[in-house]
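Q: Questions regarding the structure given below will be posed in turn.
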Amino acid sequence: MARYEICAQKWIDLSQWDYGVALLNDCKYGHKVSENILDLNLLRSPSYPDPQADRAQHEFTYALYPHTGNHIVGGVVRAGYELNVPLRSVLGTPQQSHHPSSLSLAHIEAENVIIETVKKAEKSDDIILRLYEASGATTRTTLTFDREINTVWRTNLLEEPEQSLDHQQKSVKLTLSPFEILTLRVQF
């Protein structure tokens, strides 16, 4: 419906119920879709406000990702993250545990809920997690940590606590609305 350009991060998808194709990229945000054509805007050359805007050497990665089903069934969100955040190996000593997420700080059960950000809080040693629901469905899930939780707060984007959440020793049950962005403040 956008006449000229639409913005998207990591991917754009053109699908029907049984088949689709996504255009993935690691740093470009402008796209155009016209009938069966996906277009990725690689450079901009405006003369205002910066007459030298985008006039330099650029490096980027993109990929065409055909898939079955729509973007949800086809795993397009995951493919976009795999292109943008490639697997890294780190030399270390594994802990003695049978839990598959034992080397992770946090694990979310629902595949359609993405842990987008994990960082130290701005004004304390608490941990901030930002999650979002990616498929447009109300989702009930469990967020599990690798250590015991002291407190969990739902916060606003400024990390100010808004609601204390009930939790078990290492986990908290969450409900996210379609496409909801949720920020949590966790004290271990």
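The values are calculated or read from the model by the stated rules, or taken from the named source; none is laboratory data. Everything numeric here is computed off the predicted structure, so don't read it as measured data. Glycine also receives a Cβ, built like all others from the backbone with ideal geometry; neighbour counts cover every protein chain displayed. Side chains are part of the model used for accessible areas, which takes the heavy atoms of the whole protein and leaves out ligands, DNA and RNA. Shrake-Rupley method; radii C 1.70, N 1.55, O 1.52, S 1.80 Å.
Q: Exactly one condition in (1) under 30 Å from residue 13 (Cα atoms); (2) at pLDDT below 90; (3) among the hydroxyl-bearing types (Ser, Thr, Tyr) is false for residue 62; which is it?
A: In the conditions (1) under 30 Å from residue 13 (Cα atoms); (2) at pLDDT below 90; (3) among the hydroxyl-bearing types (Ser, Thr, Tyr), residue 62 misses (2) alone.
Q: I've got another one for you. Name the residues in region 5-48 that are more than 28 Å from residue 116 (Cα to Cα) and touching a Lys or Arg at 6+ places or on another chain (Cβ under 7 Å), would you?
A: Scanning region 5-48 gives a single hit, 45.
Q: Something else: Write out, first by first residue and then by second, each pair whose Cβ atoms fall under 8 Å of each other, whose residues are 6+ apart or on separate chains, and whose first residue, in region 154-172, is at positive phi while the second is assigned to a loop (DSSP other than H, G, I, E, B).
A: Here the result reads 159/121; 159/122; 159/123, each pair linking region 154-172 to a residue that is assigned to a loop (DSSP other than H, G, I, E, B).
Q: Is it the case, given these coordinates, that residue 81 is in contact with a strand residue (DSSP E or B) (Cβ under 6 Å, 6 or more places away or on another chain), surrounded by 13 or more Cβ atoms within 10 Å (Cβ to Cβ) and not basic (Lys, Arg)?
A: Numbers: in contact with a strand residue (DSSP E or B) (Cβ under 6 Å, 6 or more places away or on another chain): no; surrounded by 13 or more Cβ atoms within 10 Å (Cβ to Cβ): yes; not basic (Lys, Arg): yes.
It is false that residue 81 is in contact with a strand residue (DSSP E or B) (Cβ under 6 Å, 6 or more places away or on another chain), surrounded by 13 or more Cβ atoms within 10 Å (Cβ to Cβ) and not basic (Lys, Arg).
Q: So is residue 48 touching a residue at least 12 places away in the same chain (Cβ under 8 Å), farther than 17 Å from residue 79 by Cα and hydroxyl-bearing (Ser, Thr, Tyr) or not?
A: Details: touching a residue at least 12 places away in the same chain (Cβ under 8 Å): no; farther than 17 Å from residue 79 by Cα: yes; hydroxyl-bearing (Ser, Thr, Tyr): yes.
Judged against the criteria, residue 48 is not a match.
Q: Give just the number: which of (1) at pLDDT 95 or above; (2) open to solvent by 40 Å² or more (accessible area, probe 1.4 Å); (3) farther than 24 Å from residue 16 by Cα does residue 131 not satisfy?
A: Of the numbered conditions (1) at pLDDT 95 or above; (2) open to solvent by 40 Å² or more (accessible area, probe 1.4 Å); (3) farther than 24 Å from residue 16 by Cα, the odd one out for residue 131 is (2).
Q: Please go through region 55-78 and give me each residue that is assigned to a helix (DSSP H, G or I) and open to solvent by 50 Å² or more (accessible area, probe 1.4 Å), ordered by number.
A: Quick first cut of region 55-78, residues assigned to a helix (DSSP H, G or I) only: 76-78.
78 - this is the single residue of region 55-78 that is assigned to a helix (DSSP H, G or I) and open to solvent by 50 Å² or more (accessible area, probe 1.4 Å).
Q: Provide a single number: the residues in region 26-54 that are among the small types (Gly, Ala, Ser) and exposed (fewer than 13 other Cβ atoms within 10 Å of the Cβ). Spell out the reasoning first.
A: At the first step, the residues of region 26-54 found to be among the small types (Gly, Ala, Ser) are 30, 34, 45, 47, 53.
Still in the list and also exposed (fewer than 13 other Cβ atoms within 10 Å of the Cβ): 34, 45, 47.
Number of matching residues: 3.
Q: Could I ask something else about it? Would you check which residues across region 137-168 are of a type in the set (D, E, K, R), within 16 Å of residue 115 (Cβ to Cβ) and part of a strand (DSSP E or B) and list them?
A: Listed by number, the list holds a single entry, 154.
Q: Further, regarding this structure: Could you list, ordered by first residue, the pairs with Cβ atoms under 7 Å in which the first is in region 139-151 and closer than 13 Å to residue 187 by Cα and basic (Lys, Arg) and the second is open to solvent by 40 Å² or more (accessible area, probe 1.4 Å) and in a loop (DSSP other than H, G, I, E, B), at least 6 apart or interchain?
A: 147/170; 147/188
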